[in-house]
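Just below is one structure, and these are the notes that go with it.
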Amino acid sequence: MVTEQSLKKIKAVVFDIDGVMTDGSLIPLSDGNLLRIFDAKDSFAIRVAARKGLITAIISGGKTEALEKRCLHLNVKPENLFLGARGKLAIFNRFCEQNGVLPEEVMYFGDDIPDIQVLKACGIGVAPSDAAEEAKEAADIVSEFPGGKRCVRHEVENLLKVQGKWTFDPDRFEEFY
């Protein structure tokens, strides 16, 4: 069970992309790339988390130049960007070691079979409402929202509110862009 105390222990937030930060839809383009659509409100929450001191990371099987640019725009540091990921648990463990965090200090967002090991290994696992049943069973939180449609925003905002970090100075708002 997720408690306020367990939320206060979180130091890092790690995300899968397809099905979490997007709705999982992929549109193939003639150049071989895939088009993904991100929700601006979800993206804003990730930027705020990074600006408010949480370590952010991406572990995703997807790998394109566009994805890399999008993740860097979200304030994910290049060393915490793991695209083309296979074997997410090993990558997750390496991320924790490189960033000096314990697995139980990490909130991880995943939606499908490749995410299950990490959903179980982290402190708080989050799955979107439309995740694979196996991922929802492994998660500590099943969001009321689907992937790409406020799941990230809702859960990150809740985390930051519990930690007292969802605060803004209207005169310095531009620092989040």
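Starting from the 7 Å offset along Cα-to-Cβ, what nm value, one decimal, do you get for the label separation of Q98 and S6?
Result for the modelled spin labels: 2.7 nm.
As I understand it, the dipole of the chain uses +1 on the Cβ of Lys and Arg and -1 on the Cβ of Asp and Glu, about the Cα centre. Which of G62, P170, S143 lies farthest toward its positive end?
P170
What FRET efficiency comes out for the pair E133/K165, r = Cβ-Cβ distance, R0 = 35 Å, nearest 0.05?
FRET efficiency, E133 to K165: 0.60.
Counting Lys and Arg as +1 and Asp and Glu as -1, what is the net charge of the other residues whose Cβ lies under 13 Å from the Cβ of K41?
My count for the surroundings of K41 gives 0.
May I ask which of K9/K149; K41/K161; K69/K149 have a Cα-Cα span longer than 23 Å here?
In this structure, K9/K149 exceed 23 Å between Cα atoms.
Indicate, rounded to the nearest 5 percent, the antiparallel portion of the DSSP beta bridges found entirely in segment 1-149.
10
Identify the residues of segment 6-22 with backbone N under 12 Å of a label point that sits 7 angstrom from the Cα of K41 along the Cα-to-Cβ direction, or state none.
Under cut-off, by backbone N: nothing.
Taking amide H atoms as placed 1.01 Å from N in the peptide plane, list the residues 5 or more away in sequence, or in a different chain, whose amide H sits under 5 Å from that of I55.
Those lying under 5 Å, H to H, from I55 are A12, V13.
Please express the shape of the chain as an equivalent ellipsoid: the semi-axes are the square roots of 5 times the eigenvalues of the C-alpha gyration tensor, given largest first in whole angstrom.
One finds semi-axes of 22, 20, 16 Å for the chain.
Karplus couplings for segment 135-141 from phi (6.51 cos²θ - 1.76 cosθ + 1.60, θ = phi - 60°), rounded to Hz, Gly and Pro as x?
Result, ordered by residue: 5, 5, 5, 7, 7, 7, 10 Hz.
With a ≥ b ≥ c taken as the square roots of the eigenvalues of the C-alpha gyration tensor of segment 95-177, please select rounded if a/c is under 1.5 and otherwise prolate if a/b is larger than b/c or oblate if it is not?
Cα axes put segment 95-177 in the oblate bin.
Once phi is turned into θ = phi - 60°, what whole-Hz ³J(HN,Hα) does the Karplus curve with 6.51, -1.76 and 1.60 give for every residue of segment 5-12, x standing for Gly and Pro?
4, 5, 5, 5, 7, 6, 10, 9
Where does the charge balance sit around L89 when Lys and Arg score +1, Asp and Glu -1, over other residues with C-beta under 12 Å from its C-beta?
With Lys, Arg at +1 and Asp, Glu at -1, the net is +3.
Which ³J(HN,Hα) values in Hz, rounded to whole numbers, follow from the phi angles of segment 52-57 under the Karplus curve 6.51 cos²θ - 1.76 cosθ + 1.60, where θ = phi - 60° and Gly and Pro get x?
8, x, 7, 7, 10, 8
Under 13 Å from the Cβ of L102, count the other residues' Cβ atoms, weight Lys and Arg +1, Asp and Glu -1, and hand me the total.
-1
Readers should treat all values here as calculations from the given coordinates under stated rules, not as data from a laboratory. Just so we're clear, the structure is a prediction, and the values are computed from it rather than from any experiment. A quick note on method: Cβ atoms are made from the backbone with ideal geometry, for glycine too, and the neighbour counts reach across all protein chains shown.
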